[in-house]
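All remarks here apply to the structure that follows.
Values in this text are rule-based calculations from the coordinates and carry no lab data. Everything quoted here is computed from the prediction, not taken from an experiment. Note that we place each Cβ from the backbone using ideal geometry, even for glycine, and neighbour counts take in every protein chain shown.
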Amino acid sequence: MGPNKFVHLTFAVGALLAAFVVSRMVDWGWSYFTKPNDLVVNLLAILVAGGAAVAVYRNERAYSSIVEVTRELEKVTWPTRKETSAATVVVLVTVMISAIRHSAAKPSAEVPCSTWV
């Protein structure tokens, strides 16, 4: 794929996501009239999303924007495994403390919900 593999991957993932969304939209719209044919719905979604992906891929502004984004992401310094583990522990401890605090401060049945805050 070469140096632009992430650019191509971005367009492919975008096309798959668009196909899924179009499929759900067509299925939803068609279901108001009759039971939709899944094969036709999926083929239509693939054709529409594939056509849109090719059109966007050939658009110079869209392509250059995706190239710029991937170049910027290459410059990002990603956290190490140790940093990620430490941040995960901090989040889990914070969530546990919050859960304990909120469960201990549970209002009684006589107090209306509007006074919980």
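Tell me, Ile46, Ile100 in order of fewest to most beta-carbon neighbours within 10 Å? Provide the component values of the computation, followed by the final result.
On the way: Ile46 16, Ile100 10.
So the residues, fewest neighbours to most, are Ile100, Ile46.
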### Message
Are there DSSP H segments in the chain that both extend 24 Å or more along their axis (alpha-carbon positions) and score a mean Kyte-Doolittle hydropathy of at least -0.5? List them, or say none.
### Response
5-30, 38-58, 81-104
### Task
Give, rounded to the nearest 20 debye, the magnitude of the charge dipole that segment 2-104 has about its Cα centre when Lys and Arg contribute +1 at Cβ and Asp and Glu contribute -1 at Cβ.
200 debye
### Query
Out of Trp30, Ser103, Val69, whose Cα points farthest toward the positive end of the dipole of the chain (charges: +1 Lys, Arg; -1 Asp, Glu; placed on Cβ)?
Ser103
### Task
Give me the net charge of Ala45's neighbourhood, meaning all other residues with Cβ under 10 Å from the Cβ of Ala45; Lys, Arg count +1, Asp, Glu -1.
0
### Query
Per the Kirkwood formula on distinct C-alpha pairs, the Rh of the chain is how many angstrom?
19.5 Å
### Query
Considering only Val56, Thr80, Ala15, whose Cα is most displaced toward the positive end of the charge dipole of segment 2-104, charges sitting on Cβ of Lys, Arg (+1) and Asp, Glu (-1)?
Thr80
